[in-house]
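Participant: There's a structure below that I have some questions on.
Please treat every number below as a calculation from the coordinates, not as lab data. These figures come from a predicted structure and were not determined experimentally. Because the Cβ atoms are built from the backbone with ideal geometry, glycine has one as well, and the counts that use them run over all protein chains shown.
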Amino acid sequence: MDTIQSKVLGGYEPQVQLSDGKVVGLVDYVKTLSASATGNPGEIVDALHISDSVGSAAVTADTYAFSEAQPPTKVLHVPTLEELGFDAGNYEMKAVLIVNARTNNPDKDVRVRLVQASGKAVAASEVAATLTSSSQDVIVKSPAAFAIVPGQAYAHDIRLVTAAGTDNAVMQSKSLLIQILKKAA
């Protein structure tokens with residue numbers, strides 16, 4: 001595969017010049033790279049990162065903000081496998097939840113999970129953490145990738161486990177590391 005040598009300026013669609021001198025659209029080039037990454041069953045063949053930098057907070061102990069009765073209003077859209085150049089019959093998607101969180105009082109236990117746009121919790125996405133300092137973010141990350149449905153919308157949800165008075169926990173930024181895996185035959 002030819003490598004990118006330079007960016008071609010001036011067009012509506014981003015274009016790049018390859019090492020063989022050929023000029024191609026950047027999106028097409030990335031799709032070609034993705035499609036050529038066939039991999040073995042169970043292997044990660046591609047990954048992408050989507051994020052939301054708007055903070056959200058938990059202020060009530062033992063209560064998540066979102067449920068099926070109260071779904072989230074702000075969500076992250078996960079692209080379909082086809083939008084990324086993959087055949088849905090041969091590939092699947094998993095995600096790792098990542099949050100930068102902080103609290104106004106140190107040593108507060110929290111739980112973070114991913115919910116669908118409907119408010120329904122995503123199985124195996126919940127992770128526990130202790131926020132140790134109000135002046136520094138704690139990175140909260142799911143210990144393993146969990147299955148998600150391509151083309152759906154998701155939101156991060158946080159709740160305090162230990163809280164009193166004015167305690168709160170804030171997710172400064174929320175993101176998903178999306179993995180594309182070759183399906184087992």
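Participant: Name the shape class, rounded, prolate or oblate, that the alpha-carbon gyration tensor gives for the range 48-130, where a ≥ b ≥ c are the square roots of its eigenvalues, rounded holds for a/c under 1.5, and otherwise prolate holds if a/b is larger than b/c and oblate otherwise.
Facilitator: It is prolate, given that a/c is not under 1.5 and a/b is the larger ratio.
Participant: Defining a contact as two alpha carbons under 8 Å apart and six or more residues distant in sequence, what relative contact order in percent does the chain show? Working shown, then result.
Facilitator: On the way: 436 pairs, mean separation 59.2, N = 185.
The value is 32 percent.
Participant: Further question on the same structure: Starting from the Cα-Cα distance between residue 8 and residue 50, subtract it from 0.36 nm times their residue separation and give me the gain in nm to one decimal.
Facilitator: 12.5 nm
Participant: In nanometres, what is the gap between the two model label sites at residue 68 and residue 80, each 7 Å from Cα along Cα-to-Cβ?
Facilitator: 2.6
Participant: Hey, what number do you get for the chain at 222 nm if only DSSP H runs of n ≥ 4 count, each worth -39500 (n - 2.57), divided across all residues, to the nearest 500?
Facilitator: -2000 deg cm²/dmol
Participant: Residue 162 to residue 59: extension gain in nm, 0.36 nm per residue of separation minus the Cα-Cα distance?
Facilitator: Details: separation 103, 0.36 × 103 = 37.08 nm, distance 1.06 nm.
Net length gain for the segment: 36.0 nm.
Participant: Give the angle, between 0 and 90 degrees and rounded to the nearest 10, that separates the Cα long axis of helix 26-36 from the longest principal axis of the Cα atoms of the chain.
Facilitator: 90
Participant: Under the 0.36 nm per residue contour assumption, what length would be gained going from the current alpha-carbon distance of residue 172 and residue 137 to full extension?
Facilitator: Once the chain is fully extended between residue 172 and residue 137, it gains 11.8 nm.
Participant: Okay, moving on. From Cα pairs below 8 angstrom and at least 6 apart in sequence, can you work out the relative contact order of the range 102-185, rounded to a whole percent?
Facilitator: On the way: 132 pairs, mean separation 32.2, N = 84.
Contact order relative to length: 38 percent.
Participant: Still on this structure: Tell me which residues come under 5 Å, amide H to amide H, from residue 168 once H is placed; ignore anything under 5 positions away on its chain.
Facilitator: 104, 105
Participant: Rounded, prolate or oblate: which fits the range 112-171, taking a ≥ b ≥ c as square roots of the Cα gyration tensor eigenvalues, rounded meaning a/c under 1.5, else prolate when a/b beats b/c?
Facilitator: Here the range 112-171 falls in the prolate category.
Participant: Still on this structure: Take the chain, mark every one of the GluC sites (Glu not before Pro) that falls in a DSSP loop and has at most 13 other Cβ within 10 Å, then report the longest stretch left between them, sites excluded.
Facilitator: Working: sites that count: 43, 68.
For GluC sites (Glu not before Pro) (loop position, at most 13 other Cβ atoms within 10 Å), the longest site-free span of the chain is 69-185.
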